[in-house]
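Below is one structure, written out as structure tokens, with a few remarks after it.
The values are calculated or read from the model by the stated rules, or taken from the named source; none is laboratory data. For clarity, every value in this text was computed on a predicted model and none was experimentally measured. When we count neighbours, we look across all protein chains shown, and the Cβ atoms used for this are built from the backbone with ideal geometry, even at glycine. For accessibility, only protein heavy atoms count, side chains too; no ligands or nucleic acids. Shrake-Rupley method; radii C 1.70, N 1.55, O 1.52, S 1.80 Å.
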Amino acid sequence: MTNVLSLLIGWVLDLLFGDPARLPHPVVWFGRAIAFCERHLNRGRHRRLKGALTAVSLITLGFAVTFTLLAVLPPLGRVGVGSLLIFYCLAGTTLIREVRQVFMALDRSLDEGRRQVARIVGRDTSELSAQEVRTAALETLAENLSDGVIAPLFWLALLGVPGMMAYKMVNTLDSMIGYRTDRYRDFGCWAAHIDDVANYIPARLTALLMILPSLITFVRRNGRNHASPNSGYPEAALAGILNCRFGGPHTYFGQLFDKPYIGDNDRELTTSDMRIAIRVNRRAEVLMVILTALSLGCFEIIAYLCTQI
């Protein structure tokens, strides 16, 4: 039951400490590898092919290195290293902390709120209104519940800790080069599409874990109102729970993107909405941890029984 034990330890560590900013972090190493490849390969001809090779190679390498490391360790070592890697891959506590700080900063001043939300969104925040700052923070809370918690746990349940680490490489690739700008449109094309596939089930699972049955119709109607085939579903779930509206036009890297609206009620968001959204995130996270632990336990019991036949 090493995977179940690693999951529980890693999750508790994330609850207690959040993102370990002062410790060596695998995602930082992933980022450096991606930046190195992008700097040397995103030029000249065949950029799409070079981007595809970069994405596939780095994802495979992330899986293989983790698998090999865990395979050579004794059971106690696998639990220790597995727990640490799961701790690194989960971002639930840090996400909630950042969103809280946006609302607290906004209570002090609009400029401070804009600066704080710029830490967690890619859009231009310099001209955002107070309502747009709150909306951006809550959209990020919903979207990153999928990317930072539910999807890593989904791939942990499916492919173990190596699968979880491979997913983090996928997610890091998309966050760094998966943009439709002139610089990344060709080189990051495969990274973006792989991320779409990797998040297809987790995004919908996130929405399912967030909502009550009465909101399913709302999510089905609004989940496709997003440029991403996946991000709209958790955002629609949260918009339905809060009875608010997300989406609309945003500026990224100096370019205006006219996104569809998710939801109909263009009301003012408040700190109370942030607290509700955080409770929804935590409940979904707890449910996913339970589901993942049960799945891992079942797989390990089946594997053990097979060895006894």
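Observations, loosely collected:
- Residue satisfying all of: in the range 67-101; β-branched (Val, Ile, Thr) and over 26 Å from residue 287 (Cα atoms); surrounded by the most Cβ atoms within 10 Å (Cβ to Cβ) among these: 68
- Residue in the range 217-234 that is open to solvent by 10 Å² or more (accessible area, probe 1.4 Å), assigned to a helix (DSSP H, G or I), modelled with pLDDT of 90 or more and more than 20 Å from residue 91 (Cβ to Cβ) present: no
- Counting the residues of the range 165-191 that are touching a strand residue (DSSP E or B) at 6+ places or on another chain (Cβ under 8 Å) and either under 19 Å from residue 26 (Cα atoms) or surrounded by 16 or more Cβ atoms within 10 Å (Cβ to Cβ) (or both) gives 1.
- Restricting attention to the range 1-44, the residues being free of Cβ contacts under 8 Å to residues at least 24 places away in the same chain, open to solvent by less than 70 Å² (accessible area, probe 1.4 Å) and assigned to a loop (DSSP other than H, G, I, E, B) number 1.
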